[in-house]
Amino acid sequence: MDSPANRDARGSDALPDSLGDPLGDPRWWVFSTYFAQGFPYMVVRAMSSVFFTDVGMSERALGYLNFLGLPWNLKFLWAPFVDIYSTRRTWMILIQALLTVLTALLAGLCLLRGDGAGVPDAILVWLFIVLAFLAATNDIAIDGYYMEGISDPKQQAAYTGLRVTAYRLAMIVARFGIILAVAEVAKHAFGGNLYSAWGCGFAAGAVVMAVLTVTHLVKLPHYQQPREPMVGGRHAGTAFLNSFAAYLEVSPRRSLVALVSAPLLGLALSAVLLALGVPGVQALTYGFAFMLIALLAQAKPVIALSLAFIMFYKIGDEIIFSMGTPFLKRYLLVDNTQLAWMSGLLGLVGSIIGTTIGGLWIKRTGLRRAIWPLTLLMNLNILAYIWLAYERPLATSTLGFLTIGTVYTIEQIAAGLGNAVLIVYILRTCKPEFKAGHYAIGSAFMSVFSALFGGMGGVIVEQVDYLGLFTIGFLASLPAMALLFFVRVKD
């Protein structure tokens, strides 16, 4: 047994050697699996935006790329099936193998396009859509495997820092390492052809995923801990319905009515809009948003108010970030080398600093006292982006790049402050008996509405330019601040 003296000698923050793991030290697989969770997310969410901006996709279509985040918002809907069928280890390895193959296919198609082959961009977009659903399912499998392999909640907490470090390192490798490598390849090879340069970048991503997949196939422990008997889909559905009903604070019957009627109403609105000539993607987006509103209408009023606050809280930031890459690259002339340093290092560090400061602020003063100043700091920084769009300093000069980098980093810090508030607020809405399910539902509401608005970012840019988009983003932040006067904030 680990004595206090031993702990003091080792340092209070040191990790135990194995935490009682009968199959050896789990630190290596905790690190590798959460690296494997963060890396494909960055390929889909960050690298896709830079890639399609480089190859000339329209602003409207670049905005639509924000919908690639929806599988992560909605993954709780199919998460039970990962538990029902096979093992989490099998799911993880299978999904990671598919991610490897499809990333390699993406690289090959880009290289073919660079050589002049007629590969439509639509095929590349569909590949990213499939990658998004696979990567979201990979998250489910990894989180489940982690909780199965390290079952004691206190022991799980001991590895939180390692998990976050691995995830952040994966972000750096993708957003900094690979994007910087693509910039160098474009400068020195293939005559500057960006499709070919990105083909090499995606090939590097496929190699990273292949190494992770093979390592997990060969070395990942088989945890055969006692588990409850496999349940059928009906049982899983009932459990989900009860969890959803408890979150909305309504009866399971009313919850079922909401889950059936809301999608039907959303589809009906989409069909009407399509008949009126609204473009397909926009019609589906408006229908999806209406579905969420219909769900809120079925909740207990105080819960509906809370969910509305969660949905609107970061909408201003999301509208800005939805078109952040084309704004920086096309409007302010930031090149890929500069972007790699800004988003891959400065922005990531800023986000970590902001989230850390926000968390410590809440811990010291309580959420009730911290929520207003942190929210104001987050939203007032949107004005800095409005100033950037108005003054338009160009990254082609040293002063211009330093100005852009400073504003970008400050905005990332501000966004981190808001993240801390929203995560803590969502945790306070979770019922003890449904903690995991309620956090998944709250997290989905947290970002899905913002993703829908962000998806329309390109449409807005084509109508009112970036200055108009960021002004709309600031105005969109006001409803959440107004709701702060009415929502219940627990300490």
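The values are calculated or read from the model by the stated rules, or taken from the named source; none is laboratory data. On a predicted model such as this, the values are computed, not experimentally measured, just so you know. A quick note on method: Cβ atoms are made from the backbone with ideal geometry, for glycine too, and the neighbour counts reach across all protein chains shown. In case anyone asks, the SASA skips ligands and DNA or RNA and just uses the protein heavy atoms, side chains included. Shrake-Rupley method; radii C 1.70, N 1.55, O 1.52, S 1.80 Å.
A few comments on the model shown:
- Every Cα-Cα pair of region 229-346 was included, and the share exceeding 18 Å stands at 68 percent.
- When the square roots of the Cα gyration tensor eigenvalues are ordered a ≥ b ≥ c, the ratio a/c for the chain is under 1.5, which makes its shape rounded.
- Sequence-distant contacts, meaning Cα pairs under 8 Å at least 6 residues apart, place the relative contact order of the chain at 22 percent.
- Built amide H within the under 5 Å cut-off of Thr87, gap 5+: none
- For the residues Thr396, Thr103, a 1.4 Å probe over the protein chains yields an accessible-area ranking, largest first, of Thr396, Thr103.
- Fraction of accessible area attributable to carbon and sulfur, the chain (%, probe 1.4 Å): 68 percent
- Seen through its C-alpha gyration tensor, with square-root eigenvalues sorted a ≥ b ≥ c, region 37-83 comes out oblate because a/c lies at 1.5 or above while a/b is not bigger than b/c.
- The mean accessible area for residues of the chain, using a 1.4 Å probe and ignoring ligands and nucleic acids, is 44 Å² per residue.
- Dipole of the chain computed with +1 at Lys/Arg Cβ and -1 at Asp/Glu Cβ about the Cα centre; of Thr90, Leu264, Ile172, farthest Cα towards the positive end is Leu264.
- Treating each Cα of region 113-227 as an identical point scatterer and summing with the Debye formula, the log10 of I(q)/I(0) at q = 0.17 Å⁻¹ comes to -1.03.
- In sequence order, calculated HN-Hα J values of region 356-372 (Karplus, 6.51, -1.76, 1.60; Hz; x Gly/Pro): 5, 4, x, x, 5, 4, 5, 5, 6, 10, x, 5, 4, 7, 8, 5, 5
- Rounded to the nearest whole Hz, the Karplus-based 3J(HN,Hα) values (6.51 cos²θ - 1.76 cosθ + 1.60, θ = phi - 60°) of region 481-491 follow the sequence 5, 5, 5, 4, 6, 10, 6, 8, 10, 8, 10, with x at glycine and proline.
- Shown in residue order for region 90-102 are the 3J(HN,Hα) couplings computed by the Karplus curve 6.51 cos²θ - 1.76 cosθ + 1.60 at θ = phi - 60°: 5, 4, 4, 5, 4, 5, 5, 5, 5, 4, 4, 5, 6 Hz (x for Gly and Pro).
- Each label was represented as a point 7 Å from its Cα along the Cα-to-Cβ direction; for Val207 and Val130 these points are 2.4 nm apart.
- Lys pairs under 17 Å by Cα in the chain, provided they are eight or more residues apart or on distinct chains: 7
- The heavy atoms of Glu391 offer some 100 square angstrom of accessible surface to a 1.4 angstrom probe.
- The simple spin-label model puts a point 7 Å past each Cα toward its Cβ; for Leu376 and Ala239 those points are separated by 4.6 nm.
- Convex hull per residue volume in Å³, alpha carbons only, for region 286-411: 129 Å³
- Hypothetical label at Ala297: residues of region 243-266 whose amide nitrogen lies under 17 Å (7 Å Cα-Cβ projection): 254-266
- Compared with the direct C-alpha span, the chain from Leu475 to Leu74 gains 141.7 nm at full extension, assuming 0.36 nm per residue.
- Per-residue [θ]222 nm for the chain (sum of -39500 (n - 2.57) over DSSP H runs n ≥ 4, rounded to 500): -24000 deg cm²/dmol
- Put a plus charge on the Cβ of each Lys and Arg, a minus charge on the Cβ of each Asp and Glu, and nothing anywhere else: the dipole of the chain about its Cα centre is then about 940 debye.
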